[in-house]
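One structure below.
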Amino acid sequence: MPHIALGNEAPGITGLFQYRPETARPMSALAEVLLRGENSLPRGDRELIAAYVSALNDCRFCYNSHAAFAAAQLPEGMDLVEQVRADLGGAPISAKLRALLMIAGAVQESGRKVAEEHIAAARDAGASDVEIHDAVLIAAAFCMYNRYVDGLAALTPDDPADYAVMAQFIVAAGYVRDDIKDRA
């Protein structure tokens, strides 16, 4: 049960966005740019970064959501998402994605944990400065999103099918929603 009366039954961040649409718009726009905007990193990889950081933060709603969103856009599906969560070092992903996930994991601990070695490893694996930038910003943003969802005890569905339905919507339509209106 959420810590505050939201006036809706929507799960996770969706319920929080409906409660406070003024903050929903810029937060949704940021997610849209980071996870779906033009980028040399595929959308599935960017969603995987969001899911990985959410797992590190133990945010069940955000992990389950972004794991489903990543799985829907990765050929290897949920198996790969779970492998990355369980064992980043042993997961069958590219060296570049592994290096970017290592950077994201460092950011999750503290921005100051990102070391020159992380950046050098990412560059050596072929990551561009934009990809490094976006990995850091995705990780930082998801620390905020995770704390927002968990800090207000947003509703978190237990059924994986609920997240699969959300994934279909996000993959098709994105994060920016026209149905969230200002409160009167």
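The values are calculated or read from the model by the stated rules, or taken from the named source; none is laboratory data. Fair warning: this is a prediction, and the values are worked out from it, not measured in the lab. Here Cβ is always computed from backbone atoms with ideal geometry, including for glycine, and neighbour counts include all displayed protein chains. Heavy atoms of the whole protein, side chains included, go into the accessibility calculation; ligands, DNA and RNA do not. Shrake-Rupley method; radii C 1.70, N 1.55, O 1.52, S 1.80 Å.
Observations, loosely collected:
- Candidate set: region 1-49, residues that are part of a loop (DSSP other than H, G, I, E, B) and closer than 16 Å to Asn146 by Cα; chosen: the one nearest to the chain's Cα centre (by Cα): Pro11
- Search result, residues across region 2-23 that are closer than 22 Å to Ala164 by Cα and either surrounded by 14 or more Cβ atoms within 10 Å (Cβ to Cβ) or of a type in the set (Val, Ile, Thr) (or both): Asn8, Ala10, Pro11, Gly12, Ile13, Thr14, Gly15, Leu16, Phe17, Gln18
- Filtering region 81-97 to residues that are part of a helix (DSSP H, G or I) and either loosely packed, with under 10 Cβ neighbours inside 10 Å or in contact (Cβ under 8 Å) with a residue 24 or more places away in the chain (or both) leaves Val81, Val84, Arg85, Ala95, Lys96, Leu97.
- Per-region count, region 46-56, residues open to solvent by 30 Å² or more (accessible area, probe 1.4 Å) and not aromatic (Phe, Trp, Tyr): 1
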